[in-house]
Amino acid sequence: PLRFLVFVPAWDQGWTGHPGGGGLATLATMGAVLARYVGLCAWPLPLSIDHNPAEASLRDPLALLGLALAGGAVAFGAWAWRRAPRAALALAFAVAFLLPVCDILPLANIMAERYCYLPLAGAALGMGLLAHALAARAGPRRPALAVVGVCVCALLACRTMARETVFRDSDTLWTHTAATDPSSFRAALGLAKRLEDASLDVPKLGAALEALAA
């Protein structure tokens with residue numbers, strides 16, 4: 001498959017994100033990853049370009065939570081198919097774009113925030129439908145509901161603006177990644193490559209590498 005061709009460099013480095021415990025381990029791990037995705041969508045802290053989730057088992061509470069969320073989504077989609085087709089469409093959109101990155105075929109990255117970009121469009125449509133339904137029933141409380149919605153959107157916009165500063169340059173990106181996740185081998189590799197250029201801020205990058213090694 002084309003996916004394997006795309007990820008050949010990562011496989012050549014001797015690392016893959018695919019759990020080694022078989023189908024149940026993959027199912028449990030992706031359940032935990034799904035729960036983490038939902039958590040990041042609800043509370044986008046901390047964010048990192050590199051996530052290294054550990055292999056999970058079916059006894060892991062986070063894995064069980066994620067699998068329960070997946071089962072609930074399926075049940076809701078079946079219920080809404082005839083009763084609320086627009087909500088079902090929003091859910092189907094999110095699921096359709098999330099499934100290809102659920103490690104059905106082995107991925108070099110089990111979890112990556114960029115995998116949520118397209119599914120979030122479906123989630124946003126669903127939240128819009130929910131807000132519309134709440135507004136229709138809010139009556140005199142509708143202005144208060146609107147204020148809450150505006151505040152939530154403003155907070156998310158501020159978080160987006162703060163996140164954009166991390167991508168100012170490679171030095172800032174890898175230093176931030178190292179600070180967020182000291183176990184990130186990609187951060188260590190990125191910092192090491194940046195240190196090859198003597199014109200860079202060697203003390204800053206060196207300090208980040210020392211933090212990773214600590």
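Structure notes:
- When Ala54 is tested against the conditions (1) on the phi < 0 side of the Ramachandran plot; (2) open to solvent by less than 60 Å² (accessible area, probe 1.4 Å); (3) of a type in the set (Gly, Ala, Ser), the lone failure is (2).
- Any hit, the stretch 57-70, residues being under 29 Å from Gly149 (Cα atoms), open to solvent by less than 60 Å² (accessible area, probe 1.4 Å), at pLDDT 90 or above and more than 14 Å from the chain's Cα centre (by Cα): yes
- Checking Arg137 against (1) under 25 Å from the mean Cα position of the chain (by Cα); (2) modelled with pLDDT of 80 or more, the condition it does not meet: (1)
Yes/no per residue for (1) surrounded by 15 or more Cβ atoms within 10 Å (Cβ to Cβ); (2) modelled with pLDDT of 90 or more; (3) within 30 Å of Val166 (Cα to Cα):
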| position | (1), (2), (3) |
| --- | --- |
| Trp15 | no, no, yes |
| Leu24 | no, no, no |
| Tyr37 | yes, yes, yes |
| Ala75 | no, yes, no |
| Ala94 | yes, yes, yes |
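- Selected residue (only one of Leu129, Leu47 is closer than 28 Å to Val150 by Cβ and touching an Asp or Glu at 6+ places or on another chain (Cβ under 8 Å)): Leu47
- So Leu98, is it buried (at least 18 other Cβ atoms within 10 Å of the Cβ), under 21 Å from Thr29 (Cβ atoms) and under 13 Å from the mean Cα position of the chain (by Cα): yes
- Per-region count, the stretch 174-186, residues aliphatic (A, V, I, L, M) and either touching a Gly at 6+ places or on another chain (Cβ under 7 Å) or open to solvent by 30 Å² or more (accessible area, probe 1.4 Å) (or both): 1
- Only helices (runs of 4 or more DSSP H) whose full extent lies in the stretch 102-202 are considered here, and the ones with at least 3 residues that are basic (Lys, Arg) are 142-164, 185-195.
The values are calculated or read from the model by the stated rules, or taken from the named source; none is laboratory data. Remember, predicted model here, so these are calculated numbers, not experimental data. Counting neighbours? That spans all protein chains shown, and the Cβs are built from the backbone with ideal geometry, glycine included. The accessibility values were calculated without ligands, DNA or RNA, using every heavy atom of the protein model including side chains. Shrake-Rupley method; radii C 1.70, N 1.55, O 1.52, S 1.80 Å.
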